[in-house]
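Undergrad: One structure is given below, represented as structure tokens, and several questions about it will come after.
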Amino acid sequence: MGCSHTGVYSKGYYSGESGQSNNTEHVVKAGETLYSIAFQYRQDYRQLARWNNIDNHYTIYPQQRLRVKRPTRIRTRYTKKDTNVNNSKHPANHSTVYKPEVKTRPGSQVLSWEWPTKGPILSRFSASDPGQKGIDIGGRRGVPIYAAEAGYVVYSGSGLRGYGKLIIIKHNETFLSAYAHNNRLRVKEGEKVKKGERIADMGDTGTDKVKLHFEIRRNGTPENPFKFLPK
């Protein structure tokens, strides 16, 4: 992503590496959601759920170990016994990492994207550069950031290193959008937002200048936002 230009973080991080010694597993931290973890590793959240036998409520827990790379064998059907296979050994008073259940179906929503803010384009998407998986839009601190399409907020926080204060919106079963480096987050996880609704204020958290880093992900894979945004 564009914020790799700061030099603070290695490009390896932005290519989806977690910085842990074992990149096949991720240890869940408080405040994370299945969506934010999938975003970090550039995976489809549904794949992570399948690989870890997590049901479609997508509930995860602090200290839970999640497989973040494809296993050699994948169990594709859930049974009652499968539920919470990876959620064992949690104390009775464990703190659930909240995951808002988003009830959308493939094809249930025709998407019509809008620009998330106005300003000069500072950097563009690059399929070959792992550090450029979105676009950077410049502006002043506090400039409004808007939802590029309607959806549900599935992450709102600052737990992904290098993204600063980040919002991830789920639009349907296929598409997510992400808004990074905000100065203020105006929506919380689980909230439904309308297209064009103000969700944040532009800032420079996690980067070296005031800007918005904007991404569109299709089934976990970064796409060029210019393919979807109006001319």
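Laboratory data are not the source of any read-out in this text; all were calculated from the coordinates shown. Since the structure is predicted, the reported quantities are computational estimates derived from the model, not experimental observations. Backbone-built Cβ (ideal geometry, glycine too); neighbour counts: all protein chains shown.
Undergrad: In what sequence do PHE228, PHE175, PHE214 fall when counting other Cβ within 10 Å, fewest first?
TA: Lowest to highest Cβ neighbour count: PHE228, PHE175, PHE214.
Undergrad: Continuing with this model, one more query. Taking a threshold of 25 Å on the Cα-Cα distance, which of the pairs LYS192/LYS231; LYS195/LYS227; LYS69/LYS192; LYS195/LYS231; LYS69/LYS188 fall above it?
TA: Those over the limit are LYS192/LYS231; LYS69/LYS192; LYS69/LYS188.
Undergrad: So if each residue of separation counts as 0.36 nm, and I subtract the Cα-Cα distance between ASP129 and ARG65, what length gain in nm does that give?
TA: Extra length from ASP129 to ARG65 when fully extended: 20.1 nm.
Undergrad: So for the pair SER158, ALA30, with labels modelled 7 Å out along Cα→Cβ, what separation do we get in nm?
TA: About 1.6 nm, to one decimal.
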